[in-house]
Structure formats: structure tokens, C-alpha cells
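One structure is given below, encoded as C-alpha cells.
The values are calculated or read from the model by the stated rules, or taken from the named source; none is laboratory data. Remember, predicted model here, so these are calculated numbers, not experimental data. Cβ placement follows ideal geometry from the backbone for every residue including glycine, while neighbour counts extend to all protein chains displayed. Calculation scope for accessible area: heavy atoms of the full protein, side chains included, ligands and nucleic acids excluded. Shrake-Rupley method; radii C 1.70, N 1.55, O 1.52, S 1.80 Å.
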Amino acid sequence: MTDNPKGWKPGARRKAKIDALAQAAGQVQDAGTVADTPGVSLIASAWRRLRRDRVFLIGLTITVLFLLVALFAPLLAPHDPTARLLLDKVRPQSNPIPGPEPGFPLGADNVGRDLLSRLIVGSRQTLLVCVFATLFSLIGGLILGTLAGAFGGWIDSVVMRFVDIMLSIPSLLLAFSVAAMAARPSQWTVILAISIAYLPIFARLLRGSMLAQRHSDHVLAARALGVKQAPIIFRHMLPNSLGPVIVQATLVLATAVIDAAALSFLGLGNPDDRQPEWGQMLGAAQKYIYDYPHLAFYPAACIILVAFGFTLMGESLREALDPKSRR
Amino acid sequence: MLRFIVRRLLQMVGVLFVLSLLLFIWLRMLPGGTVSAILGDRATPESRERLTKALGLDEPLYVQYWRYLKRALTGNFGASTGVVPGRDAFQIFIDRFPATIELSFFAILIAILLGIPLGYLAARRRASLFDNASVIVSLIGVAVPVFFLAFLLKYFFAVKLGWLPVSGRQSNIDATRVTNFFVLDGLMTREWDAAWDAFKHLILPAITLSTIPFAVIFRITRASVLEVLDEDFVRTAESKGLTNRIIRGRHVLRNALLPVITTVGLQVGGLLAGAILTESVFSFPGIGEALASAFSHRDYAVLQVLIMASAATFVIVNLIVDVLYAVVDPRVRTR
């Protein structure tokens, strides 16, 4: 498949240039390889394409780096993130935020704690929040979507009305509302809020692809062979519906990082700053934003980078798993 | 068509009714509750009890809900306890609604005017430098927290450079009010400076609010144009020797814009969540700022009205989009 834009007639030279650029961008995949080997599974063929997809590799690199930093945070952090090491440099009147100095490359925050160490250790909380929020909403969506899609009928109606009601509130507003319920906000209320906000999306997605399969040939064949209901649902229908759900999960990882920051900004996040978290650091930096913008800039840059990495992975996964783009 | 609309309207009423019930129960489950929010944590048990009685919070939930529903149907949603203490919650919604509409209108206008042409151009020049750059910009645009972007814009253009106002809707408070859409009011009463002033106040919040819809509209347009370009009918049109202009206008754009309409609708509904953050940063007195304040004050009455209103807006916008879709695409109508 060549990559020729239709609808107008660019000169031959421009065509060649576009093709060359497309090749360089890694968006055009080699046509021969997959077709030559018959019976390649969707996942195998997706992996073949992903391996050469630069966008995916960049996203993967960012994500792996983030994971490594979070895993080895205590070893990487130069100082204790909770120790007020530069407290004697904090002058509430003239200079509330100590600047960089030897051993403290990014300076300290308003109570003299090392900013770099807080950023490094903060990756752990951010990772915790986005992974668990995504996981919980995925599991919840999986249960509701499977119930609705596998059984149909009145179960489907009841579950989907419920999901529709949840979908009638914009997801971020839903997350705020749930988070506002908590008497003592903590990272777990943030996780709960975000996972409830994205649960209906997973449920809808899964229900759609499960319903489409109920009357498809492979399910009918299994039923005709006398396979019981449960194995049909879990072995035949569920695995075949997971593609779009996985893509969505990768994208929710990104939005969870951003939404957690938004919750902190509104004062609905984890108030305990002995466990540093990027969103919370960004929220706390608001007070000093005009005089010491770097205090907000570093955590924001971390959030943007990680969310960008997850988004890149999700988008290229979406392209790779789309049967339409399979060639 | 009419039957379709009526059925959807009835469904909508059902969804909103159940939502109001769920919201009512849920907001009253909020720990702390209105009583502590009004009196603070150190109130004596006696004064707490008196206020609980006065607000009717000691009765069973269904009694409270029934009373609430009866009053709500006559337009009385209860008084605010935190945002603007004593003011009718519904009145707060009415006060604030025009501001958010005005802001959302400009935001979605920016998103559409930039997103669709850029998406189209990117698809036409697929894999060019322009295409790759704009895709990357749109992906970063989604990754930037809205309130951080708001701070950045405010810091550079309002605080450092001083080109635009820092906060609020209008500096001139003597301007004549007609519709409470300040820009429109200024134009209607020919108070040009008032309209210009209100417009200047809108620029930064509208740009902030437009980033996410812009990124989404851009990407959907690009993907959709790419898909249509690959269709057989475009190839046929080309081989018939139709001019580029006709192919682009009649074959490509018309078909490519269908999914874009749905996306625009979804984004309009979702703007409100972004408005909570944007309006808070710019102290822009709209629904979003009221919601943020209601969350921190645990103002049930206001929360209930505003969340219901935003859900209703979202559902109505989606209905309009579906109807519009049927108008634009004859294939949907025949089904």
C-alpha cells in the first residue's frame, strides 16, 4: 500500500517526496511481511508493526524511564524528600523559596525540602494513582460490560441505563463530585474518583464489542458444539473484545495523571505532603507562581512528559490493533 | 424524524429524573455535610441540632427528596449555603450561565476554526513536516493540564506583558446589561468600549478552554479526511476527471465532516469540566467557578442545580447533534 493522498494531483516529485517522508516517519508499513506468513494473529501482526513504529517506541521509552525512576526512587533521590534541609535559607519575607545551590540542583520548596528529590520520589505516588485508577475502572467496566454484553436482555437494559446516567455528566466533573464526597481526602479517594469517572467508558466499549460477537460465527460454532455459556463468554468473546479496551486503558493512564493534578488543584487531592506527588506539588506551587514559576514548572513538565508518553503509546496501539490498518 | 426526537426527549427526561434522585442521595451522603460547612468544626452539639432541624436534614431521605421535588417543579431549588449565602440556588445558575455560554462559545469557535482546516491540511499533506508537527502539537496539547496552561497564559500575557486583563469578565461595571452576554450587550447598546473590554477578558480563558477540543477536533478531522480520501468514490471522481475543487468540496469534505459533527457535540458538552478549572484560574464568574466554590463549601443546593444543569446541557447537546447528523446524512434518516 503506497501512501498517496487522493483528490488532487501533486507532481511526481512531490509524490516521491511525500512517500519518502512517510517512510521516514515510519507510518507506512512494509506490505509484504505479514501477508507472506498466513494465519498471523492480530496481536502478532500488531507487534510486528509496533516494533518499527517510532511513535510507539518514543512512548515506550518515556514510560519505561518513568517506571524505572519510580521503582528506584529511593536510590536515585539525592536527599530525603521530607527532610527540611534548607530550612535555614527560607526567609518568609524576602525569599521564601531557596534557589539552586551545590547538592541541590533545583533548589528547595517553601519549607526547605529538596525539590529534585521530591520530584523523583513523587513519581511513585503518581504511578500508584494512575495505575490503580486505570485498573479499578478497567475491572469495573469489564464486569458491567461483560454482564450487559454477554447476557443482553433486561440485564443489558438495566446496566446500560445506569451507564448512560453516569455518561451524562462530563467525566472530570464526575471525578470532582466523587472526590468531594470524601471526608479525609487521600490518594485512595483520588484513585476512586478517577476510576469511577472512566468506568462507564470501559463498560460501553466492552458491551459494544461483546454484543457484536454474540451472533458472530465463532460464537455460534462454539454454541453448536455444546460449549457452555461461561467458557463461551470468557474464552471466546472476552479475549476478542479486549483490543479497544487495552487501547482505552493506555489513554486513561494519561488522563489519570492529568486529572489527579486537577483534583489537587481544586483542593480535593491528597493533602499529606509527606508523600510527595506531582499534582500536589503543582497545586501547592500556585501560591508562588508569579515570583517562583520554576516551582510549578518542574512538576508540570513531569506530568506533561508522562501523559505524553502514555498518549503516544495509546495512539500507536490503536492504529496497530485496528484491523482496518492491518496489512 | 419527529418520533425519533420525541422518543429521545422522553428518554432524556427519564435519565435526568434518575440522576436527580441519585444526586440527591449522594450529596447528602457527603461527610461533614452542610451543617459543619456552615458552623465550622467547633460548633456546639445544640447549635448543630438546631440548624439540622431548620434545614430539614433530620427527616428521612425520601421525605426530603419529595419536598425537594415539589419545590423544584415550581422553580425553587433551595437557598445557597456557601457560594453566595442566602441566594436562591437556581438564581445563581441564572446569574452565571451567560458567562459560561459566552466563554464556551468563543472556545469552541476557536477550536472549530483552527481544528477543521488544520486537520484537513494535515491529512492532505500526510506525513509531511506540517502533518507530523501538528499531530505532535495536538498530542502535547492533550497532555498539558488545563489549569497549568491557564497559569502560563495568565503569567505571560496578563502579568508580564500586561496586554490582557488578569481576571474577571469586564472592568467597566457601568455598562448597560441587556442579555448578560457582555460582548453582545456592548454591541447592542453601541457601547463599543464595553464590548471590547469584555472581549479582551474572554481571550485568555477562551484560548485555554479551547485547547482540548481543538486537539480532539483536529485529530478526528485528520483521521476522517484520510479515510475518505482512500474511498472508491473519490478514486472514481478523480478518474471521471472532475476538478479538484468539486472533489474536495463535494466528495471529500462532506463525507469527512460527519464524524466531526459528533465530536464537536461531545466536546461542547465536555467544556463544562474544563470550565471549572479555567474559570477558577481567571476568576471568571461563570458556572465553573461557582461549581469549584460549591465543592469547597459543600453547598448542596448549588451543587445539585449546577450538576443537573450541566448534565441536561450535555444530553440536550447530544440530542441536537444526533438530529443534525440525520439532517446532514441522508443514510441515517432512512434507517
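Here is how the numbers come out for the structure above:
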read-out	value
Förster radius 30 Å - calculated FRET efficiency between A:Q286 and B:S47, Cβ distance, rounded to 0.05	0.30
Test item: B:124-135 mean partner chain Cβ contacts at 10 Å	5
Sequence ranges B:99-110, A:194-205, ranked by mean other-Cβ count within 10 angstrom, highest first	A:194-205, B:99-110
Count of lysine pairs in the protein assembly as shown with Cα separation under 19 Å (8 or more residues apart, or interchain)	11
Amide proton proximity set for B:D88, modelled H, under 5 Å, gap of 5+	B:S80
Chain lengthening between B:R3 and B:E231 when straightened (0.36 nm per residue, less Cα-Cα)	78.7 nm
Per-residue mean of C-beta atoms belonging to partner chains within 10 Å, peptide B:269-276	5
Solvent-accessible surface ranking, highest first, for B:V18, B:V323 at 1.4 angstrom	B:V18, B:V323
Label-point separation in nm, A:R214 to A:I143, each point 7 Å along Cα→Cβ	2.2 nm
Surface accessible to a 1.4 Å probe, B:I92 within the full protein complex, Å²	0 Å²
FRET efficiency for A:Q275 and B:W66, using Cβ-Cβ distance with R0 set to 51 Å, rounded to 0.05	0.70
Förster radius 35 Å - calculated FRET efficiency between B:V328 and B:Q91, Cβ distance, rounded to 0.05	0.35
Shape of the protein assembly as shown, Cα gyration tensor, a/c cut at 1.5	rounded
Helix axis angle, B:192-229 relative to chain B longest principal axis, alpha carbon, degrees	50 degrees
Crossing angle, helix B:89-124 versus chain B [Cα axis fit, 0-90 degrees, rounded to tens]	20 degrees
Computed [θ] at 222 nm, deg cm²/dmol, chain B (DSSP H ≥ 4; -39,500 (n - 2.57); rounded to nearest 500)	-24500 deg cm²/dmol
Accessible-area value, A:L128, 1.4 Å probe, nucleic acids and ligands omitted, Å²	50 Å²
